[in-house]
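Some notes on the structure that comes next.
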Amino acid sequence: MFVRTETRRSWLSHLFSSQLCRVFLLITIFNSVAAKADIIPVVIPDRTPEQDAEANLVPTHFDQTDLARNKNSPINTSPFKLRPSGETDWNDFFQNLHGSYEVFLMGPRIAGAGIETYNIYIPDVAPLQLSHYWQLGEQVNPNLQIGFKISGIQNISDGVVGTTGIVRGRSFELYDLELYANLPNLVQLPGCFVFTSVAMSLPTSSKSQEIGRITEITIDQTWTLANYPSKWTFGLPLEIQAAFFTNPFPTSFAYRKSFYASFGHLISYRISPYVNVQSTSVFDFSHRALPDASGGVFDFNSNLPDTSRLSLYLTPSISKSFFLSLAGYFQFLVWAPAFETSILGADLTISF
């Protein structure tokens, strides 16, 4: 496991930086171009004012299954299945049961040995790393999916020497088991789809038990413009996480992260029904509780190096109940891009 370390930099710089402004300006320009490209003039004779008003209404409810998928996975987009009779049995239960396995490869640096990557969680040179995610959930109704998920980190190369002289090798560690609830219709806004997920961790890992972590409450949201019919997708991913510890707090500063938040951008263009390209970014900050209460409640600082990714996703059609997603990506640091800190990676998702 690699420990997140703190880089002392004001988090306000993320909000008012010129680089971030350019990102949102780019989103606005793309949205405008895509909207103009999709407008087809149609002349309909004898339209009444009432018909014009009705045609201009924006729907107030969106189902993500109606939008272009960025990933070919039903775990967050599955429709609720029920027999026409309205009765339920075990067959309906298994029809609404969905699971997935996802593995990320944090691959080699552009400039460096083939067995090493740049790990932003240290941040330093580190072994190539696989991140595993398992998830299983039941679609209770159209507005709620509940289940559990767990993740693990695996270092897959040996003898990598960091800039501090630490030698790192093969290892594997499981993180805490999490209970989650997906709420696709919790927030409803005209012209926008907001997907919400809430998760609570259980202290099942040895690390959480060692440092006295009770739980972490995480709220994830993805705000997506309902810009259809269009090949473009524009979104804003948000995450807030609060951690709770026993008293006293852990002695190691690295493990005392009591609050974390991140935001970024998502721009996706669907080349075909099975291919799409994405541009994403992550800007984050955190608060770390101090045993002597110094630093103040609102002492937020940059948590990790801010990153951006360019990805290519392949989502082949397998069957109506089995889904596959393959991706390759290029990741770099937003504020200090360099070949030494830029990496190549891959993502594989199998779901049902």
Karplus 3J(HN,Hα) series, Hz, for segment 206-220 with 6.51 cos²θ - 1.76 cosθ + 1.60 (x for Gly, Pro): 5, 5, 4, 5, 5, 9, x, 7, 7, 6, 10, 9, 10, 10, 10
Local electrostatic count, Ala199, Cβ distance below 12 Å [Lys/Arg +1, Asp/Glu -1]: -4
For segment 240-247, Karplus couplings with θ = phi - 60° (6.51, -1.76, 1.60), whole Hz, Gly/Pro x: 10, 9, 10, 10, 10, 10, 6, 10
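State which entries of Lys81/Lys257; Lys231/Lys257; Lys149/Lys320; Lys207/Lys320 exceed 29 angstrom in Cα-Cα distance in the structure shown. Present the calculation step by step, with values, prior to reporting the outcome.
Numbers: Lys81/Lys257 41 Å; Lys231/Lys257 39 Å; Lys149/Lys320 23 Å; Lys207/Lys320 40 Å.
Distance filter (> 29 Å) returns Lys81/Lys257; Lys231/Lys257; Lys207/Lys320.
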Listed residue (Asn182, Thr224, Ile166) projecting farthest to the positive dipole end of segment 160-252, Cβ model: Ile166
Ordering of 314-321, 150-157, 299-306 by burial proxy (mean other Cβ atoms within 10 Å per residue, highest first): 299-306, 150-157, 314-321
Placed amide H near Thr204: partners under 5 Å, 5+ positions off or other chain: Leu177
Which of Ile122, Ile115, Ile343 is most accessible, then next, and so on - probe 1.4 Å: Ile115, Ile122, Ile343
Modelled FRET efficiency - R0 30 Å, Ser131 with Leu97, Cβ distances, 0.05 increments: 0.80
Positive-pole candidate from Ser201, Asn155, Asn143, dipole of segment 143-258, charges at beta carbon: Asn155
Under the Karplus curve 6.51 cos²θ - 1.76 cosθ + 1.60, θ = phi - 60°, whole-Hz ³J(HN,Hα) for segment 124-132, x wherever Gly or Pro sits: 5, 5, 8, x, 3, 9, 10, 10, 9
Cβ-defined net charge surrounding Gln331, 12 Å radius [Lys, Arg +1; Asp, Glu -1]: 0
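Nothing charged except the Cβ atoms of Lys and Arg (+1) and of Asp and Glu (-1): what's the magnitude of the dipole of segment 77-147 about its Cα centre? Round to the nearest 20 debye.
Details: 3 positive and 7 negative charges, 33 e Å.
With only Lys, Arg, Asp and Glu charged at Cβ, the dipole is about 160 debye.
If R0 is 25 Å, what FRET efficiency do you get for Phe259 and Glu173 from their C-beta distance, rounded to 0.05?
Values: r = 23 Å, r/R0 = 0.93.
It comes to 0.60.
Solvent-accessible area per residue for segment 99-203 at a 1.4 Å probe radius, Å²? Don't jump to the answer; show the numbers that get you there.
Values: 4490 Å² over 105 residues.
Heavy-atom SASA per residue in segment 99-203 reads 43 Å².
The values are calculated or read from the model by the stated rules, or taken from the named source; none is laboratory data. In this text the structure is predicted, and so the values were computed from the model without any measurement. Note that each Cβ is placed from the backbone with ideal geometry, even for glycine, and that neighbours are counted across all protein chains shown. Protein only, heavy atoms only, side chains kept; ligands, DNA and RNA dropped before computing areas. Shrake-Rupley method; radii C 1.70, N 1.55, O 1.52, S 1.80 Å.
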